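Let me begin by presenting the structure, written as structure tokens, before commenting on it.
The values are calculated or read from the model by the stated rules, or taken from the named source; none is laboratory data. Here the structure is a predicted model, which is why all the values come from computation and not from measurement. Note that we place each Cβ from the backbone using ideal geometry, even for glycine, and neighbour counts take in every protein chain shown. Note: accessible area is taken over every heavy atom of the protein model, side chains too, but ligands, DNA and RNA are not part of it. Shrake-Rupley method; radii C 1.70, N 1.55, O 1.52, S 1.80 Å.
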Amino acid sequence: MALVNEYYLRLPGSYLFADIAKRVTAYKVSHPKQRVISLGIGDVTRPLAPAVVEAMHKAADEMAVKETFRGYGPEHGYDFLREAIMKGDFLTRGIHLDKDEIFVNDGAKSDTANIQELLRWDNSVALTDPVYPVYVDSNAMIGRAGKFEDGKWTDITYLPCTAENNFTPELPDHRVDMIYLCYPNNPTGTVLTKDELRKWVNFALRNEAVIMYDAAYQAYIQDPEIPHSIYEIKGARKCAIEFHSYSKTAGFTGVRCGYTVIPKEVMAKTIDDKDVQLNALWERRQSTKFNGTSYISQRAAEATYSEEGHRQTRQTIAYYMENARIMRETLSKAGYAVYGGENAPYLWVKTPGGMDSWKFFDTLLYGCGLVCTPGVGFGPSGEGYFRLTSFGNREDVEEAMERFKTL
């Protein structure tokens, strides 16, 4: 008989957002007349930019003609998109990449989960807390996390990010092999300065660690002093892998496209102390397990770098950031302690009266038909907080804020 991977059995319950969906469904059944407004799950609501739609139509038309039809594409992505990424996202910031250091994918979630396959199961892991659940769960599935006890994994180094330390993680007091950082941060909506990020790069270089840097929300940064890429920091090319997504930047949650950057300088060791280039390993992994992102999606992503596409996507980002401003100001006036929402589409809010996260979730849902994300779902340091997203329609955001006032 086949034996199951028992590390899967150690995962607690269901995935966070699946649990939320079950609770919301139960509420809707018992309250069929209430219109539920969700500010919890980070899905976008604005339509794709016209330049993106035009590019998709053109690509679809090409697929209908024998001379321009395309079958399997390159696993690492078409050159036209990788070149646009190099110029649009990196050269403009003084960062030089080689084309074959960029790997196009079907969304950042897949790669942030799968990247850990390149490293042995017994590598140690450190991550900010609260954190995007995929980082934790994917490492638990391979056996790096240990056991889940009292809301924590026994073999993970947690880096608490709370109001008390201004949501700035402190360096571990011991060496670790893998470090997960996400900035602008999901879920807290906070950012790291260049000086703070430089500390992490230097730590990784000293300890021969690899940083997994999730930059999925970099397009939302408003402060010109905040880095958009870890490669703005000297030495990061030797220790950091960076993940990008068009999901929130350009509304591609249903289109599916993103990319991962693995500089050739990033190395890991064999058990007998030989250096191995992770770029080459990821190329090998992708050619085996991935058949590439669709041509139509990649043409759509390319269009975001055109003059019109860039302008249109920036307008959409401005719309969501105006939502964030409305939410932040309303909640602050109502007496809530609010963080984030200035350089990111997420607001991280303290629950009133020290209420625990899931209790506040139920209070908000049953009290006024609103959905948030309970902070403890992102890790133990998220207890006592809840997350809101600014991706809703303006009218829904405004109505939600009015409902908050009546809670």
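Brief remarks follow.
Each row is one residue, and each column tells you yes or no for (1) aliphatic (A, V, I, L, M); (2) open to solvent by less than 30 Å² (accessible area, probe 1.4 Å); (3) at pLDDT below 95; (4) assigned by the TED database to the domain that holds Asp100.
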site: Leu278; (1), (2), (3), (4): yes, yes, no, yes
site: Arg284; (1), (2), (3), (4): no, no, no, yes
site: Ser297; (1), (2), (3), (4): no, yes, no, yes
site: Glu302; (1), (2), (3), (4): no, no, no, yes
site: Met321; (1), (2), (3), (4): yes, yes, no, no
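- Wholly enclosed helices (runs of 4 or more DSSP H) of the stretch 40-153 bearing at least 2 residues out of contact with any Gly (no Cβ under 8 Å at 6 or more places or on another chain), more than 29 Å from Pro263 (Cβ to Cβ) and open to solvent by 20 Å² or more (accessible area, probe 1.4 Å): 50-62
- Checked against (1) in a strand (DSSP E or B); (2) open to solvent by 20 Å² or more (accessible area, probe 1.4 Å), His228 passes all but condition (1).
- Scanning the stretch 154-172 for residues that are free of Cβ contacts under 8 Å to residues at least 40 places away in the same chain, aliphatic (A, V, I, L, M) and open to solvent by 20 Å² or more (accessible area, probe 1.4 Å) yields one hit, Leu171.
- Residue in the stretch 156-163 that is over 28 Å from Arg237 (Cβ atoms) and of a type in the set (Val, Ile, Thr) present: yes
- Unmet requirement for Lys234, which otherwise passes all of (1) open to solvent by 10 Å² or more (accessible area, probe 1.4 Å); (2) of a type in the set (D, E, K, R); (3) under 19 Å from Cys182 (Cβ atoms): (3)
- Taken together, Ile226, Ile221, Ile230 contain a single residue that is at pLDDT 95 or above and touching a strand residue (DSSP E or B) at 6+ places or on another chain (Cβ under 8 Å), which is Ile230.
- Of the residues making up the stretch 16-39, those that are touching a residue at least 60 places away in the same chain (Cβ under 8 Å) and open to solvent by 70 Å² or more (accessible area, probe 1.4 Å) are Arg23, Gln34, Arg35.
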